Amino acid sequence: MAAANKNLLAWLRDAHAMEEQAITMLTSQSRRLENYPELKARIDRHLQETRDQAAMLERCLERLDGGASTIKDITGKIVAFGQSLSGLFVDDEVVKGSLANYTFEHMEIASYKILIAAADYAGDQETKRVCETILQQEIAMAEWLEQHTGEITRKFLERDKRDVTAKH
């Protein structure tokens, strides 16, 4: 069981770093969105959920006598900062941002499914419950993006055709 707990702790640290990365990415995207109010509102809502998720994971890590990994958290933020900078240099930032968000959500979904199985195996029902809660939020965000990708793309194309700011 010690190996299972060790892996669970490492994966929780990874998940915390992933949420820190998501906070950086979503904050950057939200700041630049001007012409997509529905997308901005949904990103802002998920940004708050993501902050709450990071806090829930911190509590799990503290309870398990672990604590977050500063190195992993900083690395995640650096990667996210680089991703956000790349949006400044593309003409279709909103479309590429939606693609990146959708892809990231699915990585998070897979990660939380792994964490749920690991917590269950390790007998940590509190961590399992937390991860199940977070998983539902990640699924909801991925579904929202899936349902609205066509609309976001059409709005981008319409704005681009009229030669008005479409990228953000």
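The values are calculated or read from the model by the stated rules, or taken from the named source; none is laboratory data. Treat the numbers as computed from the prediction; the structure is a model and nothing was measured. Positions of Cβ are generated from backbone atoms using ideal geometry, with glycine treated the same way; all protein chains shown enter the neighbour counts. Areas reflect the complete protein model, heavy atoms only, side chains present, ligands, DNA and RNA absent. Shrake-Rupley method; radii C 1.70, N 1.55, O 1.52, S 1.80 Å.
Return yes or no: is residue 54 modelled with pLDDT of 85 or more, of a type outside the set (S, T, N, Q), open to solvent by less than 60 Å² (accessible area, probe 1.4 Å) and over 27 Å from residue 140 (Cβ atoms)? No: the conditions fail for residue 54. Under the condition of being open to solvent by 30 Å² or more (accessible area, probe 1.4 Å), part of a helix (DSSP H, G or I) and touching a residue at least 12 places away in the same chain (Cβ under 8 Å), the residues counted in region 117-150 number 10.
For region 49-64, give me each residue that is under 13 Å from the mean Cα position of the chain (by Cα) and either of a type in the set (D, E, K, R) or not in a helix (DSSP H, G or I) (or both). Matches in region 49-64: 49, 51, 52.
Every residue, every condition in (1) of a type outside the set (A, V, I, L, M); (2) more than 30 Å from residue 154 (Cβ to Cβ); (3) at pLDDT below 95, yes or no:
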| site | (1), (2), (3) |
| --- | --- |
| 83 | yes, no, yes |
| 88 | no, no, yes |
| 100 | no, no, yes |
| 106 | yes, no, no |
| 110 | no, no, no |
| 116 | no, yes, no |
| 130 | no, yes, no |
| 138 | yes, no, no |
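Only residues that are open to solvent by 50 Å² or more (accessible area, probe 1.4 Å), outside any helix (DSSP H, G or I) and of a type outside the set (Ser, Thr, Tyr) were counted across region 151-168, and they come to 3. Taken over region 24-48, the criterion of being open to solvent by 30 Å² or more (accessible area, probe 1.4 Å) and assigned to a helix (DSSP H, G or I) is satisfied by 24, 31, 32, 37, 38, 40, 41, 44, 45, 48.
Scanning region 107-116 for residues that are open to solvent by 60 Å² or more (accessible area, probe 1.4 Å) and within 19 Å of residue 3 (Cβ to Cβ) yields a single hit, 114. Among the numbered criteria (1) open to solvent by 90 Å² or more (accessible area, probe 1.4 Å); (2) β-branched (Val, Ile, Thr); (3) at pLDDT 90 or above, which single criterion is violated by residue 78? For residue 78, the exception is condition (3).
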